[in-house]
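Worksheet for the structure shown next.
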Amino acid sequence: MAIANELHVEPENNMVREWTDLTDAEIARLWLDESRSGHREGDGIIALADLSLHAPERLWTVALEILELLRDEEELLIASIGAGPLEDLLSRYGVDFVDRIIERARQNRRFRVAASCVWPGGIDPAIWQRLQAVVQPAIGATHSAAQP
């Protein structure tokens, strides 16, 4: 499976790199910068889409990194991680990720809020039911993503 090799220009030295050469932390920061600025088709966003198809373990790592970097008041971006990478992981690789996602949601309020933004389309009904048992309380609560 080939990952699309999108180009990323590093502003500090005008050096062009393929995003596949970027570290997970660099992809996370790139996604954050693009998302915070409203840029919807940048390299970080494309990288996450490609990772969801070709490198789910790396997508998991990058999603966790993004959630750590987000500020509590950035609820829309927190929701984007749920409706994007977490939903992709559950719909494409559910049995490989459901336990990790549920465990993290139990331990971390910000992650639980993100997971509450996953939609059921394409997710195995048994996996969806397990997820809902954990995230349902986050839906009714104020969506402050503060840590427990």
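Restricting Ala63, Ala25, Ala47 to residues that are over 12 Å from the mean Cα position of the chain (by Cα) and outside the structural domain of Arg112 (by TED's automatic domain parsing) narrows the list to Ala25.
Inspection of segment 34-42 identifies at least one residue that is over 14 Å from the mean Cα position of the chain (by Cα), small (Gly, Ala, Ser) and buried (at least 16 other Cβ atoms within 10 Å of the Cβ). Taking every residue in segment 51-76 that is closer than 14 Å to Leu32 by Cβ and pairing it with any residue that is aromatic (Phe, Trp, Tyr) and crowded, with 17+ Cβ neighbours inside 10 Å, at least 6 positions away or on another chain, the pairs with Cβ-Cβ distances below 9 Å are Val62/Trp31; Leu64/Phe111; Ile66/Trp31; Leu67/Phe111. When residues in segment 82-98 are screened for being under 17 Å from Leu67 (Cβ atoms) and either acidic (Asp, Glu) or buried (at least 18 other Cβ atoms within 10 Å of the Cβ) (or both), 9 of them pass.
With respect to Asp72, determine if the residue is surrounded by fewer than 24 Cβ atoms within 10 Å (Cβ to Cβ) and in a helix (DSSP H, G or I). No.
In the condition set (1) modelled with pLDDT of 95 or more; (2) loosely packed, with under 15 Cβ neighbours inside 10 Å; (3) not basic (Lys, Arg), Ile102 is compliant with all but (2).
The values are calculated or read from the model by the stated rules, or taken from the named source; none is laboratory data. Note that this is a predicted model, so its numbers are computed, not measured. Positions of Cβ are backbone-derived with ideal geometry, glycine not excepted, and every protein chain shown enters the neighbour counts.
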